[in-house]
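One structure is given here, and the rest of the page talks about it.
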Amino acid sequence: MVYRPARMSFGVFMAPFHRVGESPTIALERDLELIEHLDRLGLDEVWIGEHHSGARELIGEPMLMIAAAAQRTKQIKLGTGVTSLPYHHPFMVADRLVQLDHMTRGRAMLGVGPGLLASDAYMLGIDPVTQRPRMNEALDAIMALLRREGPLTMETDWFTLREARLQLNSYTHPHPPVAVATSFTPSGPMAAGRHGLGLLSVAGPDDERFTRTWEWVEEASAESGRPVSRADWKVVLTFHLAESSEEAIADLRHSFSKRAYVGDGRDPSRAALAFGPMGSTVEEALENGTLIAGPPEELVAKIEEVQQRSGGVGGILALQHEWAGTAATVKSYELLARYVMPHFRGQLDPLLEARDWFDGNQRTIWAQSGAATVKAFQDAGKDVPEEITKRMEEAARRRAEREASARAE
């Protein structure tokens, strides 16, 4: 049986990706303006990345962006997507999260991972082999602190805690939402299951290992005794919506080959090395299924497919890119909010039912409207206009013809 949430959540996974060659100041401001727009549209959440090298993903501390965005927005939840735990002392991560929890009135979230860019780890002198074990050690400490399991004493080869406790209790009970990022290895899902946390499938649903993801979560959950819910499983999809496929492809075509990490390098001849599974053109990405570019119904169909293949997820996250212009990107999210989100939130069914009843009962609904109009004139002591009388006579004639036809059949 496929799990289907009564209200699927929708959000954005914002690395962010910005091409080299433009003002980083304006790029960061554009990120904040987009979050404001998403808030107005009613999206549930934004996850903001942490990176320190590569020149394209500019945000080094997502919690700073969350603090700024919280002042500009009203309801959207704001998460680190993700905080690279091996780069930080776990006490500081937990302490800052709880402060943000208060400052945002419960809208802060913590997404965690081992760190994606090898260049970040290299500059920090961290052996990539140690990153996943260190993430797990840090996560153990963070969850013990957030759950206030008592003064925590813990020593590893890279951090020490001595009778540590957070001086602030969380604004959110029992603590802010926490989720673990995963690509296709078991480590992320097992960490989520071990602690009873949410899961962010950042690499999308198209690898064959995706279908095993929740099994790994449940296995670890059963061993730890901490419950998990598919409602807390979010999957990242790459899409751009427009009124038609032709319009969507036209929106993307100019900048797709110039996108961050692909078309903004110093040596254009090496760009092909960065194309990755999407390919070098919009058409290639559409053909291999790594990109959706078209009207909202195409995304609806893709989400339905994800639900079937996965056994059910709780939320969809749009990978934020800048392959379309700002206006086209804004419109894409508007189409998401107008046509896709209501489909998975139970908002359309009562409207469709009401429409069908209204359209199917016209004769009954309007049968006495003419008589009511005549009575209104009569009650006012006025003559009934001739055009109203003729209209009522014509309606009566057509009704009689329909009834005679029905008897004849």
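Read-outs throughout are calculated quantities, based only on the coordinates presented, and are distinct from any laboratory measurement. Everything numeric here is computed off the predicted structure, so don't read it as measured data. So basically every Cβ, Gly included, is an ideal-geometry build from the backbone, and we count neighbours across all protein chains shown.
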Inset, instruction - Kindly express, to the nearest 10 degrees and within the range 0 to 90, the angle between helix 131-146's C-alpha long axis and the longest C-alpha principal axis of the chain. - result: 70
Legend entry - Peptides ranked, highest mean first, by Cβ atoms within 10 Å: ranges 307-319, 380-392: 307-319, 380-392
Legend entry - GluC sites (Glu not before Pro) within segment 236-340: DSSP coil, no more than 13 neighbouring Cβ in 10 Å: GLU243
Legend entry - Pairwise label distance in nanometres, THR156 with GLU283, each label 7 Å out on the Cα-Cβ vector: 4.9
Legend entry - Efficiency of FRET between VAL2 and GLN347 - r from beta-carbon atoms, R0 25 angstrom, step 0.05: 0.80
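Could you tell me the relative contact order of segment 9-349? Use alpha-carbon pairs under 8 Å, at least six residues apart, and round to a whole percent.
17
Sorted by packing (mean other beta-carbon atoms within 10 Å per residue), highest first, where do 364-373, 185-194, 163-172 land?
Answer by packing, highest mean first, reads 185-194, 163-172, 364-373.
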Inset, instruction - Determine one quarter of the surface area of the Cα convex hull of segment 361-408, which equals its mean projected area, and express it in nm² to one decimal. - result: 3.6
Inset, instruction - Could you go through segment 322-330 in sequence order and give the Karplus-derived ³J(HN,Hα) for each residue, using 6.51 cos²θ - 1.76 cosθ + 1.60 with θ = phi - 60°, rounded to whole Hz, and x for Gly and Pro? - result: 10, 7, 10, x, 4, 4, 5, 5, 4
Inset, instruction - Rank THR281, THR104, THR25 by mean-square fluctuation in a GNM of the chain with C-alpha springs under 10 angstrom and give only the top-ranked residue. - result: THR25
Inset, instruction - Give the angle, between 0 and 90 degrees and rounded to the nearest 10, that separates the Cα long axis of helix 369-379 from the longest principal axis of the Cα atoms of the chain. - result: 60
Legend entry - Length-normalised contact order of segment 1-157 in % [C-alpha pairs under 8 Å, at least 6 apart]: 20
Legend entry - Length released on extending from HIS102 to ALA301, taking residue separation times 0.36 nm less the Cα-Cα span: 67.8 nm
Legend entry - Listed candidates [x] 1.28; [y] 1.05; [z] 0.93 - label of the one calculated as Cα Rg over 2.2 N^0.38 Å: [x]
Legend entry - Euclidean distance between Cα centres, segment 298-314 to segment 364-395, Å: 53
Inset, instruction - Enumerate by residue number the GluC sites (Glu not before Pro) in segment 85-162 meeting two conditions: DSSP loop (anything except H, G, I, E, B), and at most 14 other Cβ atoms within 10 Å of the site's Cβ. - result: GLU149
Legend entry - Over the chain: helical MRE at 222 nm, DSSP H runs n ≥ 4 each giving -39500 (n - 2.57), nearest 500: -14000 deg cm²/dmol
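Once you charge only the Cβ atoms, +1 for Lys and Arg and -1 for Asp and Glu, what is the size of the charge dipole of the chain about its Cα centre, to the nearest 20 debye?
860
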